[in-house]
Amino acid sequence: MSRNLKTESADRPLMEATLRIIGRNGLDGVTHRAVAAEAGASLGAVTHHFGTRDALVEAALQFALTREVGRLRALALSLQDKAFEVEAWIDALVDFYVIELSTEAETHIACYEAFLAAARQQRYRPVVAEWFDTWRQSAELALKAAKSPNPRRHAELFVSALIGLLFRQLATPRAGFRREAKAELLELVGGLIARK
């Protein structure tokens, strides 16, 4: 899908509304009428920008993943100064997601929908791969500093564990998430680093 920057900026409220609907009701909840109501826009405006429901869903999933890649890069940069102390890096990372999952849960659920869409359809895979690669690079930096014997492989395991912890918290929220996630990730890293 090739849309120019001006169009993407104008579509942002529609994309955010679509993601909230996906987060609440899944992909099947997306209709032009539902998005218009959620965004406070006219039905005509939604159908003008996105002629079909599939085009609307595809644009929203691409928007979510592209935005998350940008946000992950910014987060990774902000965490670089903590990468040389793995515990501080994990603390900052988990603290970020505690806030995110309490304020933007629907958007994160929509990202998991995008992962599933990538499992089904090739066109989503490049941006999902970029999402995972951005995370792996950040984790690899921290694990190199922690003297991991195989930082790339261990970073992939760390990212998989983090994604699983976030998904579990979205599916079955727990009051002790911050404490539990930090402890589990520290234990994982400690075990990986200890392996020779």
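The values are calculated or read from the model by the stated rules, or taken from the named source; none is laboratory data. If you're wondering where the values come from, they're calculated on a predicted model, not measured in any experiment. Methodologically, a virtual Cβ is constructed for each residue, glycine included, from the backbone with ideal geometry; neighbour enumeration extends over all protein chains shown. Heads up: the accessible areas ignore ligands, DNA and RNA and are worked out on the full protein's heavy atoms, side chains in. Shrake-Rupley method; radii C 1.70, N 1.55, O 1.52, S 1.80 Å.
Values as computed for the structure displayed
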{"item": "Options A88, A142, L192, ranked by Cα towards positive dipole end of the chain, top entry (Cβ charges)", "result": "L192"}
{"item": "Computed lengthening from Q80 to R123, 0.36 nm per intervening residue step minus Cα-Cα distance", "result": "12.3 nm"}
{"item": "Degrees between helix 86-103 axis and first principal axis of the chain (Cα, 0 to 90, nearest 10)", "result": "20 degrees"}
{"item": "Table column - 3J(HN,Hα) (Hz), the range 28-43, Karplus curve with 6.51, -1.76, 1.60, x for Gly and Pro", "result": "5, x, 7, 9, 4, 5, 5, 5, 4, 5, 5, 8, x, 10, 7, 4"}
{"item": "Protein accessible area in the range 99-158, 1.4 Å probe - carbon and sulfur %", "result": "53 percent"}
{"item": "Computed over the chain: relative contact order in percent, which uses C-alpha pairs under 8 Å that are six or more apart", "result": "22 percent"}
{"item": "Within the chain, helix-based [θ] at 222 nm, where runs of 4 or more DSSP H residues each add -39,500 (n - 2.57), nearest 500", "result": "-27000 deg cm²/dmol"}
{"item": "Size of charge dipole - the range 1-137 - debye, nearest 20, with Cβ of Lys, Arg +1 and Asp, Glu -1, no other charges", "result": "620 debye"}
{"item": "For the chain: accessible area per residue (Å², 1.4 Å)", "result": "52 Å²"}
{"item": "P(r) tail fraction, the range 92-187 - alpha-carbon pairs more than 23 Å apart, %", "result": "29 percent"}
{"item": "Relative contact order of the range 92-170, defined on C-alpha pairs under 8 angstrom at six or more residues apart (%)", "result": "26 percent"}
{"item": "Contour minus Cα-Cα distance for R12 and F132 (0.36 nm per residue)", "result": "40.9 nm"}
{"item": "Stretchable slack from R152 to F167, in nm (0.36 nm times residue separation minus alpha-carbon distance)", "result": "3.1 nm"}
